[in-house]
1. Scan the range 1-33 residue by residue and report those that are within 16 Å of Leu127 (Cβ to Cβ) and not small (Gly, Ala, Ser).
2. Select from the range 31-63 the residues that are closer than 14 Å to Glu87 by Cβ and part of a helix (DSSP H, G or I) and write down the one among them that is most open to solvent (accessible area, probe 1.4 Å).
3. Output the number of residues of the range 5-30 satisfying the condition of being surrounded by fewer than 18 Cβ atoms within 10 Å (Cβ to Cβ), part of a helix (DSSP H, G or I) and touching a residue at least 60 places away in the same chain (Cβ under 8 Å).
4. Could you tell me whether Asp76 is part of a helix (DSSP H, G or I) and at pLDDT 90 or above?
5. Quick check on Thr130: is it touching a strand residue (DSSP E or B) at 6+ places or on another chain (Cβ under 6 Å), crowded, with 18+ Cβ neighbours inside 10 Å and on the phi < 0 side of the Ramachandran plot?
6. Any idea how many residues of the range 87-123 are closer than 24 Å to Thr8 by Cβ and open to solvent by 30 Å² or more (accessible area, probe 1.4 Å)?
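The values are calculated or read from the model by the stated rules, or taken from the named source; none is laboratory data. The model shown is predicted, which means the values in this text are computed figures rather than measured ones. Here the Cβ positions follow ideal geometry from the backbone for every residue, glycine too, while neighbour counts run over all protein chains shown. For accessibility, only protein heavy atoms count, side chains too; no ligands or nucleic acids. Shrake-Rupley method; radii C 1.70, N 1.55, O 1.52, S 1.80 Å.
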Amino acid sequence: MDEVIRITKDIKAGNFKPIYFFMGEESYYIDKLTEFIEDNILTEDEKGFNQMVLYGRDTSIEEIVSNAKRYPMMSDRQVVIVKEAQELTRTIDKLEAYAENPQPTTVLVFAYKYKTLDKRKNNTKLLDKTGVV
């Protein structure tokens, strides 16, 4: 709960991390944080060109990274949200290259429900170092 409050305070203050990877068995806070980011980082005018919502079942890590590497249009940043990211479990390790060097103008959000990543893997360590896990 304290982590949720800290993340929302940081976002309200304009301190954005390049990657947010929300995971766990409990989906309530994952949904709330994802929704908070969706509603609060960009203005309504900026959302049309600079906010993208993808679904794990319908996308790939390559497509997510490609979208995350784009530059925002008429805005300081863009937001890429991946809902149902648990559907990408088999290929999530491909995210490692992006996590090493994320686009500074992109806020990439993963809603990885009902599962967790192996914290011993390099991929998870990189995500935690670069963003918020």
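1. Glu3, Ile7, Phe16, Lys17, Pro18, Ile19, Tyr20, Phe21, Phe22, Met23, Ile30, Leu33
2. Here the answer is Arg57.
3. Within the range 5-30, residues that are surrounded by fewer than 18 Cβ atoms within 10 Å (Cβ to Cβ), part of a helix (DSSP H, G or I) and touching a residue at least 60 places away in the same chain (Cβ under 8 Å) number 1.
4. The answer is no for Asp76.
5. yes
6. Within the range 87-123, residues that are closer than 24 Å to Thr8 by Cβ and open to solvent by 30 Å² or more (accessible area, probe 1.4 Å) number 7.
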